[in-house]
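Asker: One structure, pasted below without further comment.
The values are calculated or read from the model by the stated rules, or taken from the named source; none is laboratory data. Here the structure is a predicted model, which is why all the values come from computation and not from measurement. Cβ placement follows ideal geometry from the backbone for every residue including glycine, while neighbour counts extend to all protein chains displayed.
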Amino acid sequence: MANILIIDDDKLICEILSSFIRSQDHTPSYALNMQEGLQKVSSEPIDLVFLDVRLPDGNGLAMVPQIQEAPSSPLIIIITGEGSRSGAKMAIESGCWDYIEKPLSIETIKLPFLRALQYRKEKTSFHIPVALKREGIIGDSKPIEECLNLVAKAGGTDTNVLITGETGTGKELFAKAIHENSRRTDKALVVVDCAALPEHLVESILFGHAKGAFTGANRDRIGLIKEADGGTLFLDEVGDLPLRIQPAFLRVLQERLFRPIGERREIHSNFRLIAATNRNIDQMAQAGTFRSDLLFRLKSLVINLPALRERSQDIMVLTLYFLRKFCERYEIGIKGLSPDFCEVLFAYDWPGNVRELAHTIEMALLIAKDEQTLYPVHLPNELRLKVKITSLHDAPTKELASGQKISSSASLPKLKEVIETAEKKYFADLISATGGDLKMVCQISGLSRANVYTRLKKYHIARLT
Amino acid sequence: MGILIFSTSGKEHEERLVDLIDALPHRPALEIYHTLLELSERFRRPRDGAIIMVFLLGSREDLLSLLLIKDFFFDIPLILILPDREKETVSLGFKMLPRFVSYGDGTFEDLQSVMGNMLKQYEHRFENNKNNND
């Protein structure tokens, strides 16, 4: 039995939907405005929200991120009397389950409603195994946890996986995690850098060749597809796989059979395929620069890795991880992080993602030399400048589907709450990263023991033993 | 910005490899190391422009030793030139997660194009992290 929340200012619609929900043996509740809706979704375990767009205290679409961040992370179905393409696009792109135009009918809502609840039931009944191998994948934010859920799922099957994400988000790390959590972990993980391979050699490198098959082929070569037999083949930058090779590769995916260049007989390879790209491969397929039938095969399971700015909650734990790693490598004492150093890290948008963060921490440590604490002055000038320029701009306004402009300050929490939330997260991450070593906690935070104890007590954070 | 070579395969192979690199457009900077100690110490210094690594190995034992310190190669694309094509050697080689594998008994012809492509592809990775504080 699921808990469904309806956020709509029309009480009649709320009651009609409630009646339908009860007929499906679920529990409805409703709110007539944004504020009431947000209060309910933050304090009650809600599985699904029907969300109207035009509400008396604002535009429902602006609530979507806050609803998704609620403890129960409910799914969202948008209901609107003024359907528009841009509104639908915004809703779907922000992760809403569906977008339905009023007037509502049983036919229009039943299927999306049932499918959403089925998806939610399957998703919540699947837990990450306790022993999931995730070497190098740092973070506990919701976006990363969702990706790790998919890693666990992928690890349990042989299905093809496509990993997408900006450069520096960890696509190879995730490919490695899938391989290591699969039954193929004892066999090879063969990496193919599609962008590095010269086009005239791709076929020979992938499929292999017989001695004498072409000028320069002075011995047999086993191709990478065969090297991955029993294991995993990881095609990195798969968007760069030459178009002329794609039909042959598609056949290999379908039949697991292929013929090395110059060989008469076909050979078999039982490999599991993981592919990755930072390009918009759907657009490439539409433009005809990537085969859509091959793309369809690759996308059996898709993992979209979030950009670092989309999981900024992980910046601190990542920073501490890299701080420790590089201090050990360069055999220097652990350094503290000044609050304004941390502020800059949080304010920057990290176009190079985790890789850029790692290099930034590494360079900051080396520039700081014998200094005990890292300050913004140890960061690259360009980074500090970009953060400074961004902070000098006015608060942005968002244009919504209806053409209304609202200030992004419309629903900002109190400053005290923001500070306390950030402080609590900081100390929780610090305890986790240092294993509860109070000396290190004091060193990194720059606070006295007494101050650290006060904060641990305030936020009910237990020291690890 | 350049290439870091670890070579235990003998002078002839090393010279062949260096000649190939010299022939690349915009001949990249080169660092060459011959012992594991030298290589480990190198990785205790900043990466400082090393874009890709090439390991030209003379024996399976060298490969086993490198596997013990592979965490040092964090996020640096690797080209691996294996000493032989034995199943076990190749299997160990793939544990390094190289971006490209070649063999010491080959002609190295394919290596030049691969290195050129990789230099172009990866040099942007470090541009955002240049520090002007010096």
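Asker: Take residue B:109 and tell me if it is more than 21 Å from residue A:204 (Cβ to Cβ) and modelled with pLDDT under 95. Break it down stepwise before answering.
Answerer: Working: more than 21 Å from residue A:204 (Cβ to Cβ): no; modelled with pLDDT under 95: yes.
Against the criterion (more than 21 Å from residue A:204 (Cβ to Cβ) and modelled with pLDDT under 95), residue B:109 does not qualify.
Asker: Next up: So how many residues does the range A:367-382 have that are within 17 Å of residue A:327 (Cβ to Cβ), within 12 Å of another protein chain (Cβ to nearest Cβ), at pLDDT 90 or above and surrounded by fewer than 21 Cβ atoms within 10 Å (Cβ to Cβ)?
Answerer: Final tally of qualifying residues: 3.
Asker: Then there is this: If you take the residues in the range A:52-71 that are outside any helix (DSSP H, G or I) and touching a residue at least 60 places away in the same chain (Cβ under 8 Å), which one is farthest from residue A:32 (Cα to Cα)?
Answerer: In the first step, residues of the range A:52-71 are kept if they are outside any helix (DSSP H, G or I); the result is A:52-59, A:69-71.
Within this subset, residues satisfying the condition of being touching a residue at least 60 places away in the same chain (Cβ under 8 Å) are A:53-54, A:58-59, A:69.
Working: A:53: 12, A:54: 11, A:58: 12, A:59: 13, A:69: 20 Å.
Filtering the range A:52-71 for residues that are outside any helix (DSSP H, G or I) and touching a residue at least 60 places away in the same chain (Cβ under 8 Å), the one farthest from residue A:32 (Cα to Cα) comes out as A:69.
Asker: May I ask you to verify whether residue B:51 is surrounded by 15 or more Cβ atoms within 10 Å (Cβ to Cβ), modelled with pLDDT under 90 and within 14 Å of chain A (Cβ to nearest Cβ)? Write out each step before concluding.
Answerer: Working: surrounded by 15 or more Cβ atoms within 10 Å (Cβ to Cβ): yes; modelled with pLDDT under 90: yes; within 14 Å of chain A (Cβ to nearest Cβ): yes.
Against the criterion (surrounded by 15 or more Cβ atoms within 10 Å (Cβ to Cβ), modelled with pLDDT under 90 and within 14 Å of chain A (Cβ to nearest Cβ)), residue B:51 qualifies.
Asker: Is it the case that residue A:196 is facing chain B (nearest Cβ under 10 Å) and assigned to a loop (DSSP other than H, G, I, E, B)? Walk me through how you get there before you give the answer.
Answerer: On the way: facing chain B (nearest Cβ under 10 Å): yes; assigned to a loop (DSSP other than H, G, I, E, B): yes.
In short, yes.
Asker: Of the residues that make up the range A:159-171, is at least one closer than 28 Å to residue A:226 by Cα, of a type outside the set (A, V, I, L, M) and within 14 Å of chain B (Cβ to nearest Cβ)?
Answerer: Yes, that holds for at least one residue.
Asker: Residue A:80 passes all but one of (1) in contact with a Phe, Trp or Tyr (Cβ under 9 Å, 6 or more places away or on another chain); (2) in contact (Cβ under 8 Å) with a residue 24 or more places away in the chain; (3) surrounded by fewer than 21 Cβ atoms within 10 Å (Cβ to Cβ); (4) closer than 15 Å to residue A:10 by Cβ; which number fails?
Answerer: Here residue A:80 meets the rest and fails (3).
Asker: Residue check: is residue A:273 touching a residue at least 24 places away in the same chain (Cβ under 8 Å), assigned to a strand (DSSP E or B), away from chain B (no Cβ under 14 Å) and not polar (S, T, N, Q)?
Answerer: Against the criterion (touching a residue at least 24 places away in the same chain (Cβ under 8 Å), assigned to a strand (DSSP E or B), away from chain B (no Cβ under 14 Å) and not polar (S, T, N, Q)), residue A:273 qualifies.
Asker: Looking at (1) within 14 Å of another protein chain (Cβ to nearest Cβ); (2) surrounded by fewer than 18 Cβ atoms within 10 Å (Cβ to Cβ); (3) in contact (Cβ under 8 Å) with a residue 12 or more places away in the chain, which is the only condition residue A:329 fails?
Answerer: Going through (1) within 14 Å of another protein chain (Cβ to nearest Cβ); (2) surrounded by fewer than 18 Cβ atoms within 10 Å (Cβ to Cβ); (3) in contact (Cβ under 8 Å) with a residue 12 or more places away in the chain one by one, residue A:329 breaks only (3).
Asker: Which numbered condition trips up residue A:154, out of (1) away from chain B (no Cβ under 14 Å); (2) loosely packed, with under 15 Cβ neighbours inside 10 Å?
Answerer: Every listed condition holds for residue A:154 apart from (2).
Asker: Got a sec? Which helices (runs of 4 or more DSSP H) wholly within the range B:1-100 have at least 3 residues that are under 27 Å from residue A:185 (Cα atoms) and free of Cβ contacts under 8 Å to residues at least 12 places away in the same chain? Before the answer, list the steps.
Answerer: Numbers: elements: B:11-22, B:36-42, B:60-68, B:87-94.
Those helices (runs of 4 or more DSSP H) span B:87-94.
Asker: Go through the range A:425-441 and give me each residue that's crowded, with 19+ Cβ neighbours inside 10 Å and free of Cβ contacts under 8 Å to residues at least 40 places away in the same chain.
Answerer: Selection gives A:427, A:431, A:441.
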